[in-house]
Amino acid sequence: MLPLLFLAACAPVAVKPPVQPFVASSWEMLPDWQSTDLVPSWPAFLQSCHVLKSKPGWQDVCIQAEGMMQPDNQALHVFFESVFTPYHVFNPDGTSLGLITGYYEPKLSGSRVKTARFRYPLYAEPDDLLDIELTDVYPELKGLRLRGRLDGHRVVPYYSRAEIDGGRGEQHALFWVDNEVDLFFLQIQGSGRIELPDGQMVKVGYADQNGRPYVSIGKKLVEMGELTLDQASMQGIKQWGEKNRGKLQALLEQNPSYVFFRILPGGLSAPLGALGVPLTDAYSLAIDPHTIPLGFPVFLSTTYPNRAEPLNRLMLAQDTGGAIRGAVRADFFWGFGEEAAAEAGRMKQKGQMWVLFPKGMQTAPN
């Protein structure tokens with residue numbers, strides 16, 4: 001007979017299954033729901049309906065919404081409570097708190113030609129970048145995109161940031177800008193405006209990405225002992241870059257991810273999010289689409305940057321981001337301008353999220 005100790009050591013270890021991301025909730029559980037003004041959220045919701053109304057379970061909801069003429073707050077509460085069910089979002093470990101950061105639409109000074117001042121290129125999507133779709137062969141990879149390039153007869157990872165900055169790849173510069181740190185943060189924000197020497201303003205937006213993982217340079221600076229955690233905001237990183245020009249390129253190359261851009265129509269009211277509709281200042285949210293469905297209403301409960309004032313509002317999941325990974329994880333779009341930049345740069349709050357599903361709709365993640 002084998003010793004009991006040996007049998008115990010060989011016995012299979014019970015692994016606790018991850019918690020499901022959505023748990024049915026009630027309107028009373030949403031902080032300040034009854035006192036929340038839903039009127040500012042309504043234009044963003046109608047933007048989502050432009051896309052969602054063609055999807056199963058949404059047609060009746062969006063037809064009803066589009067038929068409501070300038071509804072007041074009371075009418076909107078009746079509408080949302082009658083057609084939606086709130087689901088609390090949980091992380092796989094069973095916690096409901098997550099990180100809420102902010103982003104904005106920056107303005108950069110640039111030129112269509114390279115000059116002594118404007119020497120940092122803003123690249124268009126390269127001709128040799130491959131977008132590989134494997135879903136038909138591997139259905140479990142739904143939602144994942146692979147990027148690469150051909151090396152002879154082999155598909156290999158696309159060039160890293162260091163290689164692209166070093167001249168590798170078939171790159172085409174849309175514009176040249178005067179500040180490499182601002183260019184780096186433009187890639188993180190995903191869209192922005194380029195002011196040309198004649199005063200013309202050109203809008204640019206995300207076109208594609210090189211497929212490399214996103215690495216936070218703020219986290220790297222903290223690990224290197226260059227900044228404290230409290231100092232590792234966008235503003236703090238920019239100040240560090242100004243004081244450490246000789247170390248800057250090596251720091252930026254710590255993040256191998258690289259974003260390519262396209263010129264957007266000048267008449268757009270705001271940047272286009274991943275949903276394909278213009279974002280709404282302070283009411284659009286970037287999420288991880290592997291958990292939160294794009295376009296859906298999300299009630300966010302967090303606090304304003306650097307202060308304890310509650311920030312509870314109904315937002316719309318209309319964008320994604322390379323750094324936005326996880327169930328309870330979101331990026332709050334603050335808009336355009338210096339005030340938006342200040343709020344976005346400081347925002348690193350804890351928060352909870354509730355996704356609103358049309359009644360009767362299955363809540364399985366994408």
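Annotations
- Long pairs among Lys53/Lys359; Lys55/Lys359; Lys107/Lys238; Lys219/Lys348; Lys247/Lys350; Lys107/Lys203, criterion Cα-Cα beyond 21 Å: Lys247/Lys350
- Theoretical FRET efficiency, 1/(1+(r/R0)^6), r = Cβ-Cβ of Lys53 and Asn306, R0 51 Å, to 0.05: 0.85
- For Leu196, Leu150, Leu316, Leu52, the sequence from fewest to most other C-beta atoms within 10 Å is Leu150, Leu196, Leu52, Leu316.
- Residue of Gly205, Gly57, Gly110 that the Gaussian network model of the chain assigns the largest fluctuation, springs spanning Cα pairs under 10 Å: Gly57
- Simple label model, 7 Å out from Cα along Cβ direction - Glu163 to Val39, nm: 5.5 nm
- The range 178-257 - Rg and Dmax from Cα coordinates, angstrom: 14.0, 42
- The fewest-to-most ranking of His172, His153, His290 by surrounding Cβ atoms within 10 Å reads His153, His172, His290.
- Dimensions (Å) - the range 49-166, Cα atoms, principal axes, largest first: 57, 45, 33
- Our estimate of slack between Arg325 and His290, defined as 0.36 nm per intervening residue step minus the Cα-Cα distance, is 11.8 nm.
- About its Cα centre, the dipole of the chain is roughly 700 debye, where the only charges are +1 on Lys and Arg Cβ and -1 on Asp and Glu Cβ.
- Stretchable slack from Met224 to Thr115, in nm (0.36 nm times residue separation minus alpha-carbon distance): 35.8 nm
- Calculated Rg and Dmax of the range 152-292 using C-alpha coordinates, Å: 16.6, 48
- P(r) histogram, all alpha-carbon pairs of the range 127-228 included - 5 Å bins from 0, percent: 2, 9, 14, 19, 18, 14, 12, 7, 3, 1, 0
- D by Stokes-Einstein for the chain, Kirkwood Rh over Cα pairs, 10 °C, 1.306 mPa s: 71 µm²/s.
- Entry note, the chain: relative contact order of 25 percent, from Cα contacts under 8 Å with a spacing of 6+ residues.
- Inter-part distance, the range 99-168 to the range 300-360, computed on C-alpha centroids, equals 26 Å.
- Estimated [θ] at 222 nm from DSSP helical runs (n ≥ 4, -39500 (n - 2.57)) normalised by residues in the chain, nearest 500: -6500 deg cm²/dmol
- D_trans [Stokes-Einstein, Kirkwood Rh over alpha-carbon pairs] for the range 222-267, 37 °C, 0.692 mPa s, µm² s⁻¹: 258 µm²/s
- Modelled label reach - Met201, point 7 Å along Cα→Cβ, the range 271-315 residues with backbone N closer than 15 Å: 271-272, 281
- Extension gain (nm, one decimal) between Leu150 and Leu268, 0.36 nm per residue minus Cα-Cα: 38.9 nm
- Normalised per residue, the volume of the convex hull around the Cα set of the range 190-234 (Å³): 126 Å³
Values in this text are rule-based calculations from the coordinates and carry no lab data. Computed from a prediction, not measured in an experiment: that's the story for all the values here. Glycine gets a Cβ as well: all are built from the backbone with ideal geometry, and neighbour counts include every protein chain shown.
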